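Asks: Here it is, the structure in full.
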Amino acid sequence: MPNKGDDYFYHKIQMFFDKTTLKNRLKSMEFIYLRLNAILDKLEIDLKDRTVFEFGSGWFPTMPYFFKYKFKARKVEAFDVNQHFKRKTVLEFNTIFSKKDNCNIEDGAKNKYGLPNYIEYFPNFDLVLQDIPIADIVFSRFVLFHMKEIDVIGFCDKIINQYNKGTYVIHFISPSDLVQHNDNTISQQEFLKYSKLEW
Ligand SMILES: C[S@@+](CC[C@H](N)C(=O)[O-])C[C@H]1O[C@@H](n2cnc3c(N)ncnc32)[C@H](O)[C@@H]1O
């Protein structure tokens, strides 16, 4: 489908079929936070007062909140090629996150998207086509495997060429077949049976 129609239907279909509650989403993302925490501990990386650039943030500012409130990052910038964050949902999410993680999410009401200070959202940002901002940490979760191989390579080149030595780059990917997530009769590595051309 042409890009505009494609995005519109993608949003509508996801909103209609996705009945997961915000509480459950936060709970499932806690696993990622714990994994990340373990990795950072092992590598002795402290995110306190660092700037973080998350790309492909998705529907909720979950990781930005973990970066700010748990890891005490100074500033988090969340980028996405789509505009997923909705003010109403973010404000609801703020209440759930504040209660669960016992923190005070300040100033959410004043922000266009309901986000607290030092978390900025940049929708309609295509990291393949646009310049990426400088940050201490680059993070993504479940994004790279949605991109074309050539774009992933281009993105990695941008990071290597533009970023200062000492920047940490952390990508979570799922090396499994996404079709399998909704069909457990096939293997998690189903995609390997296709040639590159067929794929
Ligand atoms: C599967 S979602 C993951 C969302 C979130 N990181 C999570 O873990 O729940 C992939 C996200 O990457 C975004 N995305 C895909 N290609 C992108 C690009 N070239 N530039 C920026 N964002 C992109 C999509 O819009 C989508 O929000």
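The values are calculated or read from the model by the stated rules, or taken from the named source; none is laboratory data. Everything numeric in this text was worked out from a predicted model, so none of it was measured. Cβ: placed from backbone, ideal geometry, glycine included. Neighbour counts: every protein chain shown. Ligands, DNA and RNA are stripped out before the accessible areas are found, and what is left, the full protein with its side chains, is counted by its heavy atoms. Shrake-Rupley method; radii C 1.70, N 1.55, O 1.52, S 1.80 Å.
Asks: Would you mind calculating the relative contact order of the chain from Cα pairs under 8 angstrom and at least 6 residues apart, reporting the percent as a whole number? Don't skip to the end; give the middle numbers.
Replies: Details: 236 pairs, mean separation 34.4, N = 199.
Relative CO of the chain lands at 17 percent.
Asks: Between residue 170 and residues 5 or more places away or on another chain, which pairs have amide H atoms under 5 Å apart, with H built 1.01 Å from N, and which residues are they?
Replies: 138, 139, 140
Asks: Using only the Cα atoms of the stretch 73-183, what semi-axes does the equivalent ellipsoid have when each is the square root of 5 times a gyration tensor eigenvalue? Give whole Å, largest first. Intermediate values should be presented prior to the final figure.
Replies: Values: eigenvalues 149, 78, 39 Å².
That gives 27, 20, 14 Å for the three semi-axes.
Asks: Residue 157 to residue 32: FRET efficiency via 1/(1 + (r/R0)^6), r the Cβ-Cβ distance, R0 22 Å, to the nearest 0.05? Could the numbers behind the result be given before it?
Replies: Values: r = 26 Å, r/R0 = 1.20.
The computed FRET efficiency comes out at 0.25.
Asks: Just to confirm the filter: which GluC sites (Glu not before Pro) across the stretch 56-159 are DSSP coil and have at most 13 other Cβ within 10 angstrom of their Cβ?
Replies: Numbers: sites: 77, 92, 106, 120, 149; in loops: 106.
Filter output for the stretch 56-159: 106.
Asks: Can you list the HN-Hα couplings for the stretch 31-37, worked out from phi with the Karplus curve (6.51, -1.76, 1.60; θ = phi - 60°), rounded to whole Hz and with x for Gly and Pro?
Replies: 4, 5, 4, 5, 4, 4, 4
Asks: Also, I was wondering about something else. Heavy atoms only, probe 1.4 Å: what % of the accessible area of the stretch 3-193 goes to carbon and sulfur, would you let me know? Provide the component values of the computation, followed by the final result.
Replies: Working: 6180 of 11560 Å².
In the stretch 3-193, the share of accessible area belonging to carbon and sulfur is 53 percent.
Asks: Solvent-accessible area per residue for the stretch 3-193 at a 1.4 Å probe radius, Å²?
Replies: Working: 11560 Å² over 191 residues.
Dividing the accessible area of the stretch 3-193 by its residue count gives 61 Å².
Asks: On a 23 Å Cα-Cα criterion, which of the cross-link pairs 75/112; 42/100; 27/158; 48/88; 72/148 come out too long?
Replies: On the way: 75/112 17 Å; 42/100 26 Å; 27/158 33 Å; 48/88 29 Å; 72/148 33 Å.
Where the Cα-Cα span goes over 23 Å, the pairs concerned are 42/100; 27/158; 48/88; 72/148.
Asks: The chain: longest stretch without exposed trypsin sites (Lys or Arg not before Pro) (DSSP loop, at most 10 other Cβ within 10 Å), sites themselves excluded? Don't skip to the end; give the middle numbers.
Replies: Numbers: sites that count: 19, 48, 112, 148, 165, 196.
Result, exposed sites excluded: 49-111.
Asks: Please report, for the Cα atoms of the chain, the Rg to one decimal and the Dmax as a whole number; what are they, in angstrom?
Replies: For the chain, the Cα-based Rg and Dmax read 17.6, 51 Å.
Asks: Counting only the backbone N, which residues of the stretch 135-151 are under 17 Å from the spot 7 Å out from the Cα of residue 82 toward its beta-carbon?
Replies: 141-148
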